[in-house]
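J.: Have a look at the structure that comes next, please.
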Amino acid sequence: MRQWLGKIVGGLIGLLLLRHPLGAVLGMLAGHLFDNGTFALRSSPRRRVAQSFFDHLFAFVGALAKADGRVSEREIAATEQLMQRLGLDAAQRRDAIHRFNAGKTPGFDVERNINDLRVWCLGRRDHAYVLIDVVLDVVFADGAGAARMQLLRRLCAALGVQEHELAVLAAMKGHAWTAQSWTWSQGPGPGHAPPPPRTRSGPDPYAVLGVARDADERSVKRAWRKLMSEHHPDKLGDVPAALRERAEQRARDINTAYERIKSERGFR
């Protein structure tokens, strides 16, 4: 019956629309194409990009790791940890390694890769944030050299992520931002040491909200509301579970930062 469903429905629709036997014939023909799979529900180009998100991500990570000329052990370890956190199965892991190696080869089309990631984001800032969030894990793995930062900024520009928004995402990971480069918020110098561990109190709440330390109550609340709107995990839609979990953690970090400032300064 299922093999005839498309023909029957198509014939009825064609007859109703054209009010002529020819309409029924054309409708049955369209139904036949649906029945045999020609018009089966297929992924749209955007959906196909979403399904291959891991491919595009790890290709970019490979290009990022190679940007300063040499892929370090720390970068490889960070990429391995990223695979684990994303819950890749054996087949996905093999594909991710293949894409990572492709991304670090000379002549890799990084602009096309960035465009693929931009298409996956569908112009949505929440999708851009989850992408940048996981990429930063590799950026922080072995210091943020100029070439690596340039590539990261190219991705951010394509996604419409501003510099101050990048700084907020970094702050949630316990890193500080200067106009010139990333620096660890603790440690002997910029870009040459592992990121500091989270303290019991967490990252700098003002940096997380992206506000000055002398910001008034209204400005702090406005920043908190804006960030919660942009990072709320319920708005993500169909994304890998691991990315949703990262979004949930960012939402917790934003709320924690807001509550800390309120408590420290006596805001209502």
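J.: Among the residues of the range 127-170, count how many are surrounded by fewer than 19 Cβ atoms within 10 Å (Cβ to Cβ) and in contact with an Asp or Glu (Cβ under 7 Å, 6 or more places away or on another chain).
T.: Residues flagged as surrounded by fewer than 19 Cβ atoms within 10 Å (Cβ to Cβ) and in contact with an Asp or Glu (Cβ under 7 Å, 6 or more places away or on another chain) within the range 127-170 amount to 2.
J.: Please determine whether any residue of the range 115-132 is touching a His at 6+ places or on another chain (Cβ under 8 Å) and either aliphatic (A, V, I, L, M) or modelled with pLDDT of 90 or more (or both).
T.: Checked against the condition, which is being touching a His at 6+ places or on another chain (Cβ under 8 Å) and either aliphatic (A, V, I, L, M) or modelled with pLDDT of 90 or more (or both), the range 115-132 yields at least one hit.
J.: From the list Gly123, Gly87, Gly107, which residue is touching a residue at least 40 places away in the same chain (Cβ under 8 Å), assigned by TED's automatic domain parsing to the domain that holds Phe53 and loosely packed, with under 15 Cβ neighbours inside 10 Å? Lay out the reasoning, then the answer.
T.: Numbers: Gly123 fails: touching a residue at least 40 places away in the same chain (Cβ under 8 Å); Gly107 fails: touching a residue at least 40 places away in the same chain (Cβ under 8 Å).
After applying the criteria, what remains is Gly87.
J.: In this structure, is Val139 of a type outside the set (Phe, Trp, Tyr), modelled with pLDDT of 85 or more, under 29 Å from Thr256 (Cβ atoms) and in the same structural domain as Ala59 (by TED's automatic domain parsing)?
T.: Details: of a type outside the set (Phe, Trp, Tyr): yes; modelled with pLDDT of 85 or more: no; under 29 Å from Thr256 (Cβ atoms): yes; in the same structural domain as Ala59 (by TED's automatic domain parsing): yes.
No, not satisfied.
J.: May I ask you to list the residues in the range 157-168 that are in contact (Cβ under 8 Å) with a residue 24 or more places away in the chain and under 23 Å from Pro205 (Cα atoms)?
T.: If we filter the range 157-168 for residues that are in contact (Cβ under 8 Å) with a residue 24 or more places away in the chain, which is where we start, we get 158-161, 164-168.
Across the range 157-168, the qualifying residues are Val161, His164, Glu165, Leu166, Ala167, Val168.
For (1) polar (S, T, N, Q); (2) in a helix (DSSP H, G or I); (3) in contact with a strand residue (DSSP E or B) (Cβ under 8 Å, 6 or more places away or on another chain), each residue gets a yes or a no:
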site: Phe108; (1), (2), (3): no, no, no
site: Asp126; (1), (2), (3): no, yes, no
site: Tyr129; (1), (2), (3): no, yes, no
site: Ile132; (1), (2), (3): no, yes, no
site: Val135; (1), (2), (3): no, yes, no
site: Phe140; (1), (2), (3): no, yes, yes
site: Arg148; (1), (2), (3): no, yes, no
site: Ala157; (1), (2), (3): no, yes, no
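The values are calculated or read from the model by the stated rules, or taken from the named source; none is laboratory data. Note that this is a predicted model, so its numbers are computed, not measured. Positions of Cβ are generated from backbone atoms using ideal geometry, with glycine treated the same way; all protein chains shown enter the neighbour counts.
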